[in-house]
Every structure is written in C-alpha cells, then in structure tokens.
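For reference, the structure discussed in these notes is given below.
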2 protein chains.
Amino acid sequence: MRLQISQLSKETGVSIHTLRYYEKEGILPPVKRNEKGIRIYDTDDIEWIKFARCLRQTGMGIAEMKQFAQLVIQGEETKQERIRLLRQQNRRIKAQIEQLMSYTEVINHKIELYSLEEE
Amino acid sequence: MRLQISQLSKETGVSIHTLRYYEKEGILPPVKRNEKGIRIYDTDDIEWIKFARCLRQTGMGIAEMKQFAQLVIQGEETKQERIRLLRQQNRRIKAQIEQLMSYTEVINHKIELYSLEEE
DNA sequence: CTAACAGCTAGAGCGCACTCTATGTCAAGG
DNA sequence: CCTTGACATAGAGTGCGCTCTAGCTGTTAG
C-alpha cells in the first residue's frame, strides 16, 4: 500500500497536520518522497502510525514515543530495550484500568446515595 | 473536620494553587472564611474535593465539573440531572477501559512479534 | 489561461489545566 | 522590632499536543 498524506489521514484518523508534526518530531522515520517531494507512505509507515496512535492513546508522551521510534530506527540490537518500554507501557495501562475501575465504583456509590436520598 | 488550605492540600494531594483555581472556576462552592479571610474547609468541602478529583481523573473536563458543581449548589431538584451526568461519566469510563484493554493486547502482540524475531 | 486543488515549509497560535509570580496582610517567635 | 511563614489576590506564564496560517509549487479540469 502506498498512500499520500490525505489518504493516510483518512485511513488512520490522524490529521494531516499531526502526521507532518509527528514526522518533524522524529516520531515517524523520515517518510520517502516522490520526485515532486510529496510524501508517499508505505505499508510499514502505515502500520507504524497505527501503532504509534495506540501508544499515544494509552498515555505515552510525545518524548517517549520519539525515543521508541529512535530505537526502531537503530535496528535489531535495540529490541530488548523496545520490549522493556512496551512492557512498562502495559504496566501503566494496567494501573490506569485499575484506577478507572475503582473510580467507577466511587461514582456508582454516589449515584446510589443520590437515589436513596430521593424519598 | 476543619482544615486550612495547606492541610487540605496534603490531605487530598491537590496543590494549593489548584484548590484556589477550582474555587475561582466555580468547581468548588465558595468556601467559608474565618474573620481573617482565611479559607476553612469543612468535611463537606473535603469530600467534595475528593469526589471532584475522581471526576477529573476519569477525564471529565473543567467545564463539565463546573456544571456538576452548579447543580449541587442549586440543590435537591437537580438530583436527576446529576445522576444523569454521573451515569454518562461511568459510560465514558467503561469505554476508556475497553479501549485500554484492546490497546494492551495490541502492545502485547507487538512484544510477542519482537520476541519471535529473536533467533 | 486560470481557477481549484493537493501538496510543501516554517513558524505562529490555541485550548486545557494547571502553576507560578508579585505584592500584600497578619500572627507568632527570637 | 523584625523576620518568618501561612495565608490572600490578580493576573501572568507554562507544557503539552496539537492545529492552523501564510505563502509557495505543481497538476488537473473547464
């Protein structure tokens, strides 16, 4: 698959502005260009964007995503470090989920209180 | 319980600045003052701060928290509306949890891929 | 030919939720 | 007395993650 930026934007739900911003920030390896200087995203780029969004939406910051991207660019020998970062991210997600579950109980408790007060 | 701002800050983990900011924004009903103009938070205030943090940390925005606070101030007749808002918040939390769970799977999948490539 | 459109860059601007600064008052301790 | 420290206010500043603008090039359709 080879997409231009607007198609990729539709495909991923990431705005054109953000796609260029991610590249500028080094979150995306420099994307190949055609002879006109237009970005052509290949399958790997597309997969990486989707994965990057997954990291982002689970609360990873831009700086850490950049760090991860740099590791990918550096190649094979950084695999262990990448696994370490991903495991850390999963631990954070786990903590988030647990926090959310406890908060949802607090809110449920409040709803019950309100309902009981109703006389 | 009657606390001054620095004690409340320690009690709740919310910074002094943020406590005053919340009050200014109307997220906190105007706090009683002593004769010197110093804020004295009572048990209700303390509970409300803790609950507000719960809303905040589950992704409710400042504007909606303010709306909720205004309903509390308006009193009994807004109870149904408050319940509605809290149920909505719980639905959002549920969606967040589901999203996080699916993303954690994606990340796990990536970790496995990395581990397999290892030869 | 020209207008509409898609892309490009550099850099400015924005919204949110804080967070901090400047300046001042008041009470207690050395 | 005077410094220290907790509190107060109004308003400025910050960091993050976008998001948009200005001004440009090149392609395509009428």
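Quick note: the coordinates plus some simple rules give every number you see, no bench work behind them. In this text the structure is predicted, and so the values were computed from the model without any measurement. Counting neighbours? That spans all protein chains shown, and the Cβs are built from the backbone with ideal geometry, glycine included.
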Open item on the list: Taking just the alpha carbons, could you work out the radius of gyration and Dmax for the protein assembly as shown, both in angstroms?
Closed with: 23.5, 75
Task: Cα pair distances of the range B:4-49 binned at 5 Å [whole percent] - done: 5, 23, 37, 29, 7, 0
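Which whole-number percent gives the relative contact order of chain A, counting Cα pairs below 8 Å spaced six or more residues apart?
On the way: 77 pairs, mean separation 24.5, N = 119.
RCO, chain A: 21 percent.
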Task: Per residue convex hull volume, Cα atoms of the range B:5-117, in Å³ - done: 127
Task: Residue-span extension gain [A:LEU113 to A:LYS10] - 0.36 nm each, minus C-alpha spacing - done: 32.6 nm
TODO: Per DSSP H run of n ≥ 4, the term is -39500 (n - 2.57); total these for chain B, divide by its residue number, and report the mean residue ellipticity at 222 nm rounded to 500 deg cm²/dmol.
DONE: -24000 deg cm²/dmol
Open item on the list: Spelling out what I want: for every residue of the range B:85-95, take phi, set θ = phi - 60°, compute 6.51 cos²θ - 1.76 cosθ + 1.60 (Karplus), and round to whole Hz; glycine and proline get x.
Closed with: 4, 5, 5, 4, 4, 5, 5, 5, 5, 4, 4
TODO: Arrange the following residues from fewest to most other Cβ atoms within 10 Å of their Cβ: B:ARG87, B:ARG56.
DONE: B:ARG87, B:ARG56
Open item on the list: Explain nothing, just compute: Karplus ³J(HN,Hα) = 6.51 cos²θ - 1.76 cosθ + 1.60, θ = phi - 60°, for every residue of the range B:106-115 in order, whole Hz, x for Gly and Pro.
Closed with: 4, 5, 4, 4, 5, 4, 5, 4, 4, 5
Task: GNM result for chain B, Cα springs below 10 Å: residue of B:LEU100, B:LEU55, B:LEU85 fluctuating most strongly - done: B:LEU100
- [ ] Would you kindly derive the ³J(HN,Hα) couplings of the range B:61-73 from the backbone phi angles with the Karplus curve 6.51 cos²θ - 1.76 cosθ + 1.60 (θ = phi - 60°), listing them in order in whole Hz, with x for Gly and Pro?
- [x] x, 4, 4, 6, 4, 4, 4, 4, 4, 5, 5, 4, 5
